[in-house]
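Colleague: Have a look at this one before I ask anything.
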């Protein structure tokens, strides 16, 4: 395996090529967390959002997940890489991403509520670290990363069963899941520290802010595995979703 194709270097390339957008979303979420604890106006607005989420329950979770994971990335693609011209491929892509991210968002909300039940809804260092470990080294390792790679490979292979067969092999995990985990941890461990420092009712709304970036990163990684995009290109995340990639 060439150097550029080893699990370590693929994960590192993805994290490095997309460091700027990662830092932007991390800085934005950190600013929101600081504002919650220092600005009564910001705290009031975020509490109102939390109450809205609590009042509408699962429908809010599903709709927010679809917006963050499917609609915003697709709008980004249309505006910046299709010159504002929607194509049939965009509708086909949404037919895939809407159910995937609606389902995934529901599981994340369930995870956050389970962690609050197990460890408490407090922002102490041991509790925050415990939730990060469960999230990133449990849920992410055994479900989130394999599920994300599988679904996007399934799409890239024309809804073939081959990715499902490969999913349970060590070679697949070594070559595709581990690089995805490495790229994910570089972005999500700092984000999780921010998210888990807030009350439970605000954790999922902040997760949605970061979901769009995660979808772009996941798309980049799976297109890289398929040979559709090279690492180290500017704006690698978005370029992974050129209109040709969506149609193929």
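The values are calculated or read from the model by the stated rules, or taken from the named source; none is laboratory data. Quick caveat: nothing in here was measured; it's all calculated off a predicted structure. With ideal geometry, Cβ positions are generated from the backbone for all residues, glycine too; neighbour counts draw on all protein chains shown.
Colleague: Does residue 68 count as in a helix (DSSP H, G or I), closer than 24 Å to residue 200 by Cβ, under 18 Å from the mean Cα position of the chain (by Cα) and modelled with pLDDT under 90?
Modeller: yes
Colleague: What's the number of the condition residue 150 fails, among (1) at pLDDT below 85; (2) under 14 Å from residue 112 (Cα atoms)?
Modeller: Unmet condition: (2).
Colleague: Still on this model: Given the conditions (1) free of Cβ contacts under 8 Å to residues at least 60 places away in the same chain; (2) within 20 Å of the chain's Cα centre (by Cα), which single one is not true for residue 79?
Modeller: (2)
Colleague: Quick check on my filter: what residues within the stretch 86-141 are within 20 Å of residue 199 (Cβ to Cβ) and not in a helix (DSSP H, G or I)?
Modeller: Result: 120, 121, 122, 123, 124.
Colleague: Identify, by number, the condition in (1) buried (at least 19 other Cβ atoms within 10 Å of the Cβ); (2) modelled with pLDDT under 80; (3) farther than 21 Å from residue 25 by Cα that residue 176 doesn't meet.
Modeller: (2)
Colleague: Sticking with this one: Report the residue count in the stretch 41-59 for those that are under 14 Å from residue 200 (Cβ atoms) and touching a helix residue (DSSP H, G or I) at 6+ places or on another chain (Cβ under 6 Å). Explain how you work it out, then say what you get.
Modeller: Initially, the stretch 41-59 is screened for residues under 14 Å from residue 200 (Cβ atoms), giving 46-47, 49-51, 53-54, 57.
Cutting the leftovers down to touching a helix residue (DSSP H, G or I) at 6+ places or on another chain (Cβ under 6 Å) gives us 46, 49-50, 53-54.
Selection size over the stretch 41-59: 5.
Colleague: Taking interchain pairs and intrachain pairs at least six residues apart, which have beta carbon atoms under 6 angstrom, with the first residue in the stretch 198-221 and closer than 30 Å to residue 38 by Cα and the second buried (at least 22 other Cβ atoms within 10 Å of the Cβ) and at pLDDT below 85?
Modeller: Once the first residue is closer than 30 Å to residue 38 by Cα and sits in the stretch 198-221, its partners that are buried (at least 22 other Cβ atoms within 10 Å of the Cβ) and at pLDDT below 85 give 212/73.
Colleague: Another question, then. Quick check on my filter: what residues within the stretch 50-79 are surrounded by 15 or more Cβ atoms within 10 Å (Cβ to Cβ) and more than 23 Å from residue 99 (Cα to Cα)?
Modeller: Matches in the stretch 50-79: 50 only.
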